[in-house]
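Trainee: Please find one structure pasted underneath; my questions will follow.
The values are calculated or read from the model by the stated rules, or taken from the named source; none is laboratory data. Small disclaimer: the values here were computed from a predicted structure and weren't measured. When we count neighbours, we look across all protein chains shown, and the Cβ atoms used for this are built from the backbone with ideal geometry, even at glycine.
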Amino acid sequence: MKVSADGQGVVSHAGVGMLRELAERTGLVAGLSKPLLGSYKGLPVHAPGRVLTDLAVAVADGATNISGIQTLTDRQDVFGPVASMPTTWRVLDKVTEQRLPAIRKARAEARARAWDAGAGPDLGGEAAGPLVIDVDATISIAHSEKENAAATWKRTFGFHPVR
């Protein structure tokens, strides 16, 4: 893939391709796949770690639900093969309580590799201040037919993701 600022060959969602590549290069895809591969009868068409990271990439690109993974399928020339929504659901079903420790370990190892490569926050030295994590406070719009449902203070129906 070539990235340029000349306006030629423009594709939507191209920036998230770098997130997919980062997941691959840090070992996150392989690390997430390893604890899940034993739950398959043979080799899966889509590596479970790739499916999980594609889902995370879709969220980073603005997806608000699992069907958002389909936004990556419109540019398979950029992203390569992307799992279908049913395949994504099947992979998510394989993430069990017993597999969570291995999944957490894979995430920690990938994060350590990225931070070792310079992607981490500077937490040391005199000039380092507190690490601030700015959580998005956007209300997630959701309609409800429930009895006595009340609008939010912004006159919408939904919920706050931090709650």
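Trainee: In region 22-31, what residues are at pLDDT 95 or above and not β-branched (Val, Ile, Thr)?
Mentor: GLY27, LEU28, ALA30, GLY31
Trainee: In this structure, is ALA112 loosely packed, with under 14 Cβ neighbours inside 10 Å, among the small types (Gly, Ala, Ser) and modelled with pLDDT of 70 or more?
Mentor: For ALA112, the condition - loosely packed, with under 14 Cβ neighbours inside 10 Å, among the small types (Gly, Ala, Ser) and modelled with pLDDT of 70 or more - is met.
Trainee: For THR88, indicate whether it is modelled with pLDDT of 90 or more and hydroxyl-bearing (Ser, Thr, Tyr).
Mentor: Spelling it out, THR88 is indeed modelled with pLDDT of 90 or more and hydroxyl-bearing (Ser, Thr, Tyr).
Okay, residues lined up against (1) among the hydroxyl-bearing types (Ser, Thr, Tyr); (2) surrounded by fewer than 16 Cβ atoms within 10 Å (Cβ to Cβ):
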{"position": "LEU22", "(1), (2)": "no, no"}
{"position": "SER39", "(1), (2)": "yes, yes"}
{"position": "LEU52", "(1), (2)": "no, no"}
{"position": "ALA56", "(1), (2)": "no, no"}
{"position": "GLY62", "(1), (2)": "no, yes"}
{"position": "SER67", "(1), (2)": "yes, yes"}
{"position": "PRO86", "(1), (2)": "no, yes"}
{"position": "TRP89", "(1), (2)": "no, yes"}
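Trainee: Next question. Could you tell me how many of the residues in region 28-76 are outside any loop (DSSP other than H, G, I, E, B), without any contact (Cβ under 8 Å) to a residue 24 or more places away in the chain and either of a type in the set (D, E, K, R) or more than 25 Å from ARG113 (Cβ to Cβ) (or both)?
Mentor: Of the residues in that region, 5 qualify.
Trainee: Let me ask something else. Check whether at least one residue in region 144-153 is within 21 Å of ARG50 (Cβ to Cβ) and at pLDDT below 90, and report yes or no.
Mentor: No: region 144-153 contains no residue that is within 21 Å of ARG50 (Cβ to Cβ) and at pLDDT below 90.
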